[in-house]
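Q: Sharing a structure below in structure tokens format, with a few things to ask.
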Ligand code: DX5
Ligand code: ZN
């Protein structure tokens, strides 16, 4: 299976967003970081903006909600047509109920874990989710360094998914480069978010280089 590369538009030029969106058309999904200045100390955009991005995007949206009270707000992102909606375990009061609601609306349901949040309590309910996002930096900002200490958690999730024959995508987000993507792939990730490493150069070339880095390590 080819690696899924999801560029994060947090690293795009917000004033020239449509042209930056077109520059990542060769990617698998567009990662959209919603931040509310409460769950994380940073603020990006809300449903109105994400709805317009959805209108113009050539690829499906992978929405990452770094917000308080996702039980209340996440369904709205599914309703506007996002392909996947990922909320944080630390913020949700009833993660399984919320995931079911997102699936009912027609989105893939994802659960995100901050670096210090164990995966243990989610292992038995893995089939309720389509994706687990293992944060490889503290959420809130792009351009931080990949935290290798999150890899044992990713590996434990990969073992649980494979042991049960589940089709749950395992995503990493934060500090993903041509080097760290290999570490994440070796530990079981199949879906890779990359912000600054994609937009720092020519995005189509950076996306291809990230895919190649994973493919080369598999051969
Ligand atoms: C961080 C966001 C990431 C961010 C990654 O809180 O969730 O999606 O855009 O940026 P880089 O790839 O620069 O670490
Ligand atoms: Zn993100």
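Computed from the coordinates by the stated procedures, all read-outs in this text should not be read as laboratory data. Owing to the predicted nature of the structure, the values given are computational and were not obtained by experimental measurement. Methodologically, a virtual Cβ is constructed for each residue, glycine included, from the backbone with ideal geometry; neighbour enumeration extends over all protein chains shown.
Q: If you project the alpha carbons of the chain onto their three principal axes, what span does each projection cover, largest first, in Å?
A: Extents along the principal axes: 43, 41, 29 Å.
Q: For the range 50-126, report the % of Cα-Cα distances exceeding 19 Å.
A: Working: 954 of 2926 pairs.
In whole percent, the share of Cα-Cα pairs in the range 50-126 beyond 19 Å is 33.
Q: Kindly state, to the nearest 0.05, the FRET efficiency for residue 125 paired with residue 149, given R0 = 41 Å and r defined as their beta-carbon distance. Working shown, then result.
A: Numbers: r = 24 Å, r/R0 = 0.60.
Efficiency computed from Cβ-Cβ geometry: 0.95.
Q: Within 10 Å, count the other beta carbons around each residue, average over each peptide in 76-84, 8-16, 101-109, and list them highest first.
A: Numbers: 76-84: 20.9, 8-16: 16.6, 101-109: 18.7.
So the peptides 76-84, 8-16, 101-109, ranked by packing, come out 76-84, 101-109, 8-16.
Q: Assuming 0.36 nm per residue, please report the length gained on full extension of the stretch residue 100 to residue 2 beyond their Cα-Cα distance. Don't jump to the answer; show the numbers that get you there.
A: Values: separation 98, 0.36 × 98 = 35.28 nm, distance 2.77 nm.
In short, 32.5 nm is gained.
Q: Another question about this same structure. Quick one, can you get me the convex hull of the C-alpha atoms of the range 1-108 expressed as volume per residue in Å³? Intermediate values should be presented prior to the final figure.
A: Numbers: hull volume 11.7 nm³, N = 108.
Here the figure is 108 Å³ per residue.
Q: Does anything in the range 135-161 have its amide N under 13 Å from the 7 Å Cα→Cβ label point of residue 37, and if so which residues?
A: Output list for this probe position: empty.
Q: Take every DSSP beta bridge whose two residues both sit in the chain, then give the antiparallel share in percent to the nearest 5. It would help to have the intermediate numbers written out before the result.
A: Working: 1 of 33 bridges.
So the antiparallel bridges in the chain amount to around 5 percent.
Q: In whole angstrom, note down how far apart the Cα centers of the range 116-143 and the range 50-88 are.
A: If we compute the Cα centre of each part, the gap is 17 Å.
Q: For residue 22 and residue 52 in one chain, what is 0.36 nm times their gap in residues minus the Cα-Cα distance, to one decimal in nm? Numbers along the way, then the final one.
A: Values: separation 30, 0.36 × 30 = 10.80 nm, distance 1.39 nm.
Gain in length upon complete extension: 9.4 nm.
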